[in-house]
Amino acid sequence: MEINTFIRGGVYLAKLNPSKYDEIGKLRPVVILTSQILLDNKPPFIFICPLSSQSQDAYKHLHFKISARDKLQKSSYVLIEHFKSISSQRLHDTCLSVLTNDELKQITNTLVFMIN
């Protein structure tokens, strides 16, 4: 089975089940954060942040809102606290949208804030 090349900053649907405890699950859009150099080599695992149409006040400083665009039909929040790696086989092939470099920078800055 051939593994597709994905785009850094691309929003794709991913099968996040099974989930455990408070992990986010089900079929949902995710944004890919893996570097393009690694993606071009078709890695078996990809770093992602899931998206949700809802945000909780307690996590507003960790959520990044993106507007509906292209094939992403709803405004969504990037749930940065749910950053994780998943198998590339969990991702659907169709790219729903691509975030701008500025949006990616804001997301990665929040990730750095979380681990420093």
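Each reported figure results from applying straightforward, stated rules to the coordinates on display, with no laboratory input. Source: prediction; values computed, not measured. Quick reminder, even Gly has a Cβ in these numbers, built from the backbone with ideal geometry, and neighbours come from all protein chains shown.
Structure summary
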| quantity | calculated |
| --- | --- |
| Residues satisfying the stated conditions in segment 1-38, i.e. crowded, with 20+ Cβ neighbours inside 10 Å and either touching a Gly at 6+ places or on another chain (Cβ under 6 Å) or without any contact (Cβ under 8 Å) to a residue 60 or more places away in the chain (or both) | ILE32 |
| Scan of segment 64-88 for residues that are in contact with a helix residue (DSSP H, G or I) (Cβ under 7 Å, 6 or more places away or on another chain) and within 23 Å of PRO18 (Cα to Cα), ordered by number | VAL78, ILE80, GLU81, PHE83 |
| Residues that are surrounded by fewer than 16 Cβ atoms within 10 Å (Cβ to Cβ) and either in contact (Cβ under 8 Å) with a residue 60 or more places away in the chain or among the hydrophobic types (A, V, I, L, M, F, W, C) (or both), drawn from segment 48-69 | ALA58, ALA68 |
| Members of segment 31-72 that are among the charged types (D, E, K, R) and either under 15 Å from the mean Cα position of the chain (by Cα) or closer than 22 Å to PHE6 by Cα (or both) | ASP40, LYS42, LYS65, ARG69, ASP70, LYS71 |
